Structure formats: structure tokens, C-alpha cells
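Structure record follows, encoded as C-alpha cells.
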Amino acid sequence: MGPDRTRDWWRAWTASTRVSGAEFRVLARDTTGGCVALWLVDANPPVVYLGADGEAAVLAADLDDYAALLASGATPGAAAAAGLPAVRAAQAAYPEFPAHAWRPEPVAAIRWATADDAEDLTTLIATMGYEVGAADVAGRLRTLPDSGHAVYVAVTDRITGWVHVLISHSLIVGTRRNSAGSRSRRRGPGPGSALLATAERWAVRHGATSMYVRSGAHRTEAHGFYGRRGYTVRTTQLALTKPLTPPD
């Protein structure tokens, strides 16, 4: 199912003409009219079920697990309701999905960032006071390590926010998960909250027990945003930099 048909189906399912369905890629429909789709919240996205009667459940942690589910002979609707061990494990990993599927008002779709998002990301990064070219952003997205990093974007009719969360290692504090950068075009509840929650969920799934956020001293609005979401000031630091030139 193409993007336009996915959008039309998602609007019919939610009874909202303002949602886009951008966070889904529909794989198949069952005989009852329900849809099986990838929920594009991770690079290796979970498979979800959206039933014709309003059911909303995670079916499998990824496509391989979904293929195994089909090989067992289970239909999507039955599997969503049956509570099979693998299905229960996938649902435990993504507990927020049913509430997401039933959102009463349109909110930003959260998905994995790609190099095609570089122009929008460059604009958002500039509002944080950093100058970086779109080509550089695209190249860095393409060359990020396969593991230990996650870059998410929030999308409505355009990209409205982003967050980069990563694993860092230190002799002083050990292994921790950092939010290395985040920005939303909107104030108040919305993309920023959804992005931060997604980054925190990624961190938990990768073994984190806390998050560490760096935020420029001039970004007072961002400090308030994080404070309202349970973050406290740990230290104040100077960030020093020096350009390096390779030897001749």
C-alpha cells in the first residue's frame, strides 16, 4: 500500500482528516479488513495490527518474528488477541502503541531519521545556534554506527523536531545514554514530549537506568522543558573546542 493509500486508510481508521499515517507502512490486510503494518519508530521496526473493529496491538518485534508468527499458522487478528509468548514480549517492549493508535488529536508521527531529512534537520539545528551544512548532516546520518545511536524525527506536514540519543562510555561515569541534541518547532505538549519519550524508551531497551542531557546555557526554554519532565541539573560545565590540523 503506497503512502497516499496508507494516509487515506489511517484517516478513516482514526476518523480524523488531519493525520498523515506517515509512521506506518502497511504490509497486508486480513479478511476482516484489519491492517498489518510496520510502525516506523525504530530502524528495525515492530509489526503492529490495527483491526477493523478498533483493535490496536503489537504483533512482533520485527519482520523476522512476524514471519515466524505466520509460519506457525496464526492469523494476525487471532495472534493479537491470543497472548502468545512472543507476542506478549513484543507488546511489553512497546506498551505505548495502543494509546498512540487511539490518539484523539493529531500528533506528530515519530520515525527513524534518514539522509533525506537533512534539509529540515539543518534548519532545526540552526535554531539551536549551530551552523552545519545539509550535505554534512546527510553524510553523518549515513555513516552513523549501526548500533549505539538512534536519531528520530517528528513529522506532521513537515519535520517538526528531532532527537539524537546515543550510548557513551566514560572512565568516570561508565556507560550511559545521552540525548546529544533535540529540537522542536512547537512549544508546549507535542513533538518534543513524544521525541523525548521515544529516546527514553530506546535507552531503556538498551540497558539504561538514567539519561544524560546536554543543553546550552542560553537555551532557558529547553531547561524548563526538561525540568518539567523529571530532569534535574547535575553539573554546569564549560565546553571547550580546538580545531586540529593533520600533520604535513
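Read-outs throughout are calculated quantities, based only on the coordinates presented, and are distinct from any laboratory measurement. Model, not experiment: these values are computed from the prediction. Here Cβ is always computed from backbone atoms with ideal geometry, including for glycine, and neighbour counts include all displayed protein chains.
Given that compact globular proteins tend to follow 2.2 N^0.38 Å, what is the ratio of the alpha-carbon Rg of segment 131-173 to that value?
Scaled against compact globular proteins, the figure is 1.44.
Could you compute the FRET efficiency for Thr114 and His218, with r as their C-beta to C-beta distance and R0 at 35 Å, rounded to 0.05?
Computed FRET efficiency for Thr114 and His218 comes out at 0.70.
Which one, Ala90, Ala60, Ala217, has the greatest fluctuation when you compute a Gaussian network model over the chain with C-alpha springs under 10 angstrom?
Per the Cα network of the chain with a 10 Å cutoff, Ala217 tops the list.
Kindly provide the helix-only [θ] at 222 nm of the chain, computed as the sum of -39,500 (n - 2.57) over DSSP H runs of four or more divided by all residues, to the nearest 500 deg cm²/dmol?
My calculation for the chain gives -10000 deg cm²/dmol from helical runs alone.
By how many degrees, 0 to 90 and rounded to 10, does the Cα axis of helix 134-143 deviate from the longest principal axis of the chain?
Long axis of 134-143 versus the principal axis of the chain: about 70 degrees.
Cut-off 10 angstrom, C-alpha nodes, Gaussian network model of the chain. Which of Leu40, Leu27, Leu171 fluctuates the most?
Checking each option, the largest mean-square fluctuation is seen for Leu171.
If I compute volume of the Cα convex hull per residue in Å³ from the structure I just sent, which labelled value in [x] 123; [y] 147; [z] 165 lines up?
Of the listed options [x] 123; [y] 147; [z] 165, [z] comes from this structure.
Given springs between every Cα pair under 10 Å in a Gaussian network model of the chain, which of Thr160, Thr198, Thr232 has the largest fluctuation?
So, out of Thr160, Thr198, Thr232, the one fluctuating most is Thr232.
Quick check: residue separation of Thr123 and Ala239 times 0.36 nm, minus the Cα distance between them. What number comes out in nm?
Computed gain between Thr123 and Ala239 is 39.5 nm.
In debye, nearest 20, what is the charge dipole magnitude of the chain about its Cα centre with +1 on Lys and Arg Cβ and -1 on Asp and Glu Cβ, if you could check?
The dipole magnitude comes to about 860 debye.
Can you tell me the FRET efficiency between Thr31 and Ala81 if r is taken as the Cβ-Cβ distance and R0 is 25 Å, rounded to the nearest 0.05?
For Thr31 and Ala81, the calculated efficiency is 0.95.
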